[in-house]
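Undergrad: Let me give you the structure first, and then I'll get to my questions.
The values are calculated or read from the model by the stated rules, or taken from the named source; none is laboratory data. Bear in mind that the values here come from a model prediction, so they are computed numbers and not experimental data. Ideal geometry is used to build each Cβ from the backbone, glycine not excepted, and the neighbour counts take in all protein chains shown.
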Amino acid sequence: MLVSANYTGANALSVEQGVTSVLEQQINGVEGMEYITSSSASDGSGAITVAFANGTDRNSNQVNVQNRVGLVEPQLPEAVRQSGVSVNKASTSILLVYIFGSTDAGKPYSVETISGLLDQGLTDEIKRVSGVGDVTYFGNRQLAVRLWLNPSSLTVNGLTASDVVDALTSQNRLVPAGQMGGSPAAAQQEFTFSVELQGRLTSVSDFENLIVRRTPSGALVRLKDVGRVALGGESYAVSSTDINGVPSVGMAVYQLSGSNALEDSTGVKNVLESFARGLPVGVKMEKVYDNSDFIDASIDGVVAALREAIVLVVLILFLFLQDWKATLVPMIAIPVT
């Protein structure tokens, strides 16, 4: 069972003290648990892996862990509660690893573009494959609006970073505006219109013109007056490249505990083949690791050993009995029994 949370802007120590250790103490000792491990990263992410004994019900284990998490959620920081704590049934074993990048090193696609292709056309499809526990990307950068504040400009205008955050929170949200012409209305009113207001900020210019403060003289202090806005990746903490050094995005698929790795791998590969047919020219998809290859090799080894064992048994029986008719009886009896 994988419990994951994200504390945006926090370092590894803050995540450990404020999130990971709090969750771990509450989850520890849940019914059927064998051991528990946790990790905290400098990008604000925390993960707890809970291993259960063989034969236990995965659905019951997930419910038990989810109940423990629900008890401790009020103690977590506000930023963590807003993003939520997820509890997923997943195995620690990696089923498949693929990498997505550009075929032309001279004119590569941006990591943000490749990340958008994966998020829109692949992630949900793979998660719907039976037996897949989770999908993790390495080096992906989802598009996000990034804000840089100038401390000197903030001081001159009598503002703090918290004031900018409060203004952003209050002005970048969906607001229900109601209706015009709704009941009760006059008898001659025939139509009802929904009122739509601009809620979420959708462009860089919208963020730049965000009103942060009104001065006593009536002038407006906008976000572009105390900082700058740019469209970029959500996180630059992790990056990945292919063997040629071209920026790429890696993908790891984890299987559910107790599922059939061969069937899961086949289902994921079918999805990947369909996805590859729709990739734009210049984007490649390469397989890095496939656990089913080792399983296939092991099965082939078992079949070869069984075939050799049958031949050896027949030869030994013939050497002792010195008669093919007499050898035929135990040859038939052994597989039947």
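Undergrad: State the number of residues belonging to the stretch 300-325 that are surrounded by 11 or more Cβ atoms within 10 Å (Cβ to Cβ) and closer than 30 Å to N260 by Cα.
TA: 1
Undergrad: Run P280 past the list (1) loosely packed, with under 14 Cβ neighbours inside 10 Å; (2) part of a helix (DSSP H, G or I) and report the number of the one that doesn't hold.
TA: The failed condition is (2).
Undergrad: Using the structure shown, decide if I299 is outside any strand (DSSP E or B), under 30 Å from N61 (Cα atoms) and at pLDDT 85 or above.
TA: The answer is no for I299.
Undergrad: Report, ordered by the first and then the second residue, all pairs with beta carbons closer than 9 Å, sequence separation of six or more or different chains, a first member in the stretch 167-195 that is in contact (Cβ under 8 Å) with a residue 40 or more places away in the chain, and a second member that is of a type in the set (A, V, I, L, M, F, W, C) and in a helix (DSSP H, G or I).
TA: A167/L223; L168/F207; L168/L223
Undergrad: Could you check the stretch 205-221 and list, in sequence order, the residues that are of a type outside the set (D, E), farther than 15 Å from A144 by Cβ and crowded, with 16+ Cβ neighbours inside 10 Å?
TA: Within the stretch 205-221, L210, V212, R213, V221 meet the criteria.
Undergrad: May I pose another question? Give the stretch 118-143 a look and list any residue that's surrounded by fewer than 18 Cβ atoms within 10 Å (Cβ to Cβ) and either at pLDDT 85 or above or under 23 Å from V253 (Cβ atoms) (or both), or say none.
TA: D119, Q120, G121, T123, D124, E125, K127, R128, S130, T136, F138, Q142
Undergrad: Under 9 Å between Cβ atoms, at least 6 apart or on separate chains: pull out the pairs that start in the stretch 205-223 with a residue that is in the same structural domain as L149 (by TED's automatic domain parsing) and within 18 Å of V156 (Cβ to Cβ) and end on any residue that is hydroxyl-bearing (S, T, Y) and in a loop (DSSP other than H, G, I, E, B).
TA: Listed pairs, sorted by first residue: V221/T215.
Undergrad: Which pairs turn up if I take residues in the stretch 224-238 that are touching a residue at least 60 places away in the same chain (Cβ under 8 Å) and look for partners that are among the acidic types (D, E) with beta carbon separation below 7 Å, at least 6 apart in sequence or on another chain?
TA: Pairs found: V229/E208; G233/E112; S235/D43; A237/D43.
Undergrad: Name the single residue, out of those in the stretch 91-109 being surrounded by fewer than 19 Cβ atoms within 10 Å (Cβ to Cβ), in contact (Cβ under 8 Å) with a residue 60 or more places away in the chain and not β-branched (V, I, T), that is farthest from A230 (Cα to Cα).
TA: Across the stretch 91-109, the extreme among qualifying residues is S93.
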